[in-house]
1. Mind checking which residues of segment 448-465 are surrounded by 13 or more Cβ atoms within 10 Å (Cβ to Cβ) and among the hydrophobic types (A, V, I, L, M, F, W, C)?
2. Is it true that some residue in segment 377-397 is assigned to a helix (DSSP H, G or I), within 27 Å of the chain's Cα centre (by Cα) and closer than 23 Å to residue 486 by Cα?
3. Mind listing just one residue for me: the one in segment 136-152 that is part of a strand (DSSP E or B) and charged (D, E, K, R) and, of those, surrounded by the most Cβ atoms within 10 Å (Cβ to Cβ)?
4. So is residue 128 open to solvent by less than 30 Å² (accessible area, probe 1.4 Å), in a strand (DSSP E or B), in contact with a helix residue (DSSP H, G or I) (Cβ under 7 Å, 6 or more places away or on another chain) and hydrophobic (A, V, I, L, M, F, W, C) or not?
5. Scan segment 1-32 residue by residue and report those that are of a type outside the set (Lys, Arg), out of contact with any Leu (no Cβ under 7 Å at 6 or more places or on another chain) and at pLDDT 50 or above.
6. Residue pairs, Cβ under 6 Å, 6 or more apart or interchain, first in segment 67-85 and within 16 Å of residue 109 (Cα to Cα) and among the charged types (D, E, K, R), second open to solvent by 40 Å² or more (accessible area, probe 1.4 Å) and not in a loop (DSSP other than H, G, I, E, B). List them.
7. All but one of (1) touching a residue at least 40 places away in the same chain (Cβ under 8 Å); (2) within 25 Å of residue 444 (Cα to Cα); (3) not hydroxyl-bearing (Ser, Thr, Tyr) hold for residue 249, so report the exception by its number.
8. Picking from 469, 462, which residue would you name as being outside any helix (DSSP H, G or I) and free of Cβ contacts under 8 Å to residues at least 24 places away in the same chain?
Amino acid sequence: MPRSDAAPPLAADLELTDPVLIDPRRTWRVLDDRRLPALEPFAADVRRYGPVTVRETVWDAEDRVLAAAGVVLTRSSDGTWSIDRGPDSDGPEPLAGEPDTPPRVAVEVFLRGRALRTVLVRDTTTSLVTLRGGDGRVRAEIADVRVDDGDPDTTVLRSARWWALTVDGREGATARAAERALHDAATDPVDVPSVALPRGPEPAPERRGGRAKRPRSNTAAGFVLRVLDALRNDLVAVEPRVRNDEHEAVHDLRKVVRRLRSVLAAFRGALDRQATESLRASFAEIGRTAGTARDAEVLHAGLSRSAARTPTGYVDTETLRRIDSETAERRSTTAAELRRALDSEAWFRTLDALDDLLLRAPAGPHGDEDATVFTTRRIRHERARVGRQLGDADDDLETLHEIRKAARRLRYALQAAGDLPDVGKRRLGRLRRVQETLGETLDAAHAADAYRRSAAVAAQDGVDTFGYGALATAEHAALGQGIQRSWRVLARL
C-alpha cells in the first residue's frame, strides 16, 4: 500500500482555536473505487492529506475460539497489542506485552492452552480532508478509509471501504453542505466508471458448534440456562483480572464461582442432574483455592484494623512490620497458587464443561416445568433449608459458617429469579446483612487463629510475642461481640 509523505494532521498541528473532532457524525459504505466529491465550493480552505496505511495482524487459535467468543486480538505494525471484546464493549483497548509475545493473559480463559497464530493480515488506509472556515478553524473532517484483509495462508483478499464525516458540533453551513455532497456521491450513480472492490468469499459467522435446540424461555431449563449464561459472561470477564493480580479480582472471582455453584444447587432438576453436579464439584475445587487466596488478602488488609483494636502501646512497630511482611508473603504465595490453578488442565476442563452444558442444554426431570412454578418451589426449599439450620443451631463457629452458606445460597437464588414474580426478594437486605455480619465474625476468628500460629513460629525464633498475643486477644474479643451480633441478626430471619 502507498504511504504518502503528507501525513494526516495531528492534534498538535491544529491551531489552538480549532475545535476537537472526536466521533464521526455519519458514515457511508462505499462499494467501489469512486472518488470523494469536490468539496472546495463548501469551505474557505480545503486541505487534502495523502493516504497513510497501518498494518495489523489478527491472532487466534487454529479453531478460531476467539472469533467464536466475539473477541479480536490484534497486533499493530509498531508491535503494540489490543483487544476488542465485541459490540458490547467500549471498542479496542490496549494490552501490555512484548511485540513478539502474544498477551495470553487477556484471552487464556478462551484459549485454554491452545496455541496462538496469525489468522488475518489487515491493512487500513486512511486519507483525510479538512474543511476550514474563513477564520481558519476546522469545520469538518472527512476520512476515506479502506480496509484490505486476508488470510496469510491463502491469496484471497477481502476489502471494505467507507467515508466518515466528523463535524465541529456547530451545525454550520460548511458541515451541512459537506454531508449532502458525501451522501449524494455515495448513493447516486457517478459519471466516471467505478471499479468494484475485490470481494473474497464471505466468511461464515463463527459459532460454537453443536448447539442443541434451546428450551423455551418460560421453562425451568430455559430460566436456568439464562442465569448460567450471564454468570459465564461474568466469569470470563473476571478471570483475566485474577491473572493480572488486579485489586479485588480474587474476591470477584470467588463471588462468581459461588453464584454458579449456588444456582446449580438451588435449581437442581431443571438441567441434567449428573452434568450439573459434576460441574458444581469442579467449581468447588477452584473455589477452595480462591478462598485460601482471599483469606490471605483479608488477613493482610486487616492488620491495621487489628492493631486499632488493641490498647495503645501494646503492639510495637517492629511486630507490626514483621506480621505485615508475613501476611504479604502469604497473600503473594496464595495468589500465585490461584494463578497456577487457572492454568491447569482441571480448570480448562471445568470451563469446557460449562460451555458444553450451555451448548447441549440437557433438560432435567423438571426442565419443561413452568419457570415461575419451579423457581417458587425451589426457593421455598432453600428457605426451609435455612430454617432447619437455624432450628438445629449450636453456639459455635462451624454452625455459623453453615448458616451463612445456606443464607448465601438462598440470597443468590432470589437474585437469580430476576424478573420472575416476587418469591421473597424483599428479604434480600436481611440476607445480605446476615452474610456481612457472619462474615466479619468469621474473619475475626480467622485473624485470631492466624496471630496465634504466627506467635508460635516467632517464639521459636526467639522473638518477643507479646504483640502477637495482644492482636489475637483483640480479635478474640471482636469474635465474641460478632457472635452476639450474628445471633441478633439471625433472629430477624
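The values are calculated or read from the model by the stated rules, or taken from the named source; none is laboratory data. Keep in mind that this is a model prediction, so the values were computed, not measured. Neighbour counts run over all protein chains shown; Cβ positions are idealised from the backbone, glycine included. Heads up: the accessible areas ignore ligands, DNA and RNA and are worked out on the full protein's heavy atoms, side chains in. Shrake-Rupley method; radii C 1.70, N 1.55, O 1.52, S 1.80 Å.
1. Correct list: 448, 450, 455, 458, 463.
2. No, that holds for no residue.
3. Checked segment 136-152; the qualifying residue surrounded by the most Cβ atoms within 10 Å (Cβ to Cβ) is 139.
4. Considered against the rule, which asks whether it is open to solvent by less than 30 Å² (accessible area, probe 1.4 Å), in a strand (DSSP E or B), in contact with a helix residue (DSSP H, G or I) (Cβ under 7 Å, 6 or more places away or on another chain) and hydrophobic (A, V, I, L, M, F, W, C), residue 128 comes out as no.
5. 21, 22, 23, 27, 30, listed by residue number.
6. 84/72
7. If we test residue 249 against (1) touching a residue at least 40 places away in the same chain (Cβ under 8 Å); (2) within 25 Å of residue 444 (Cα to Cα); (3) not hydroxyl-bearing (Ser, Thr, Tyr), just (1) comes out false.
8. Of the residues listed, the single one that is outside any helix (DSSP H, G or I) and free of Cβ contacts under 8 Å to residues at least 24 places away in the same chain is 462.
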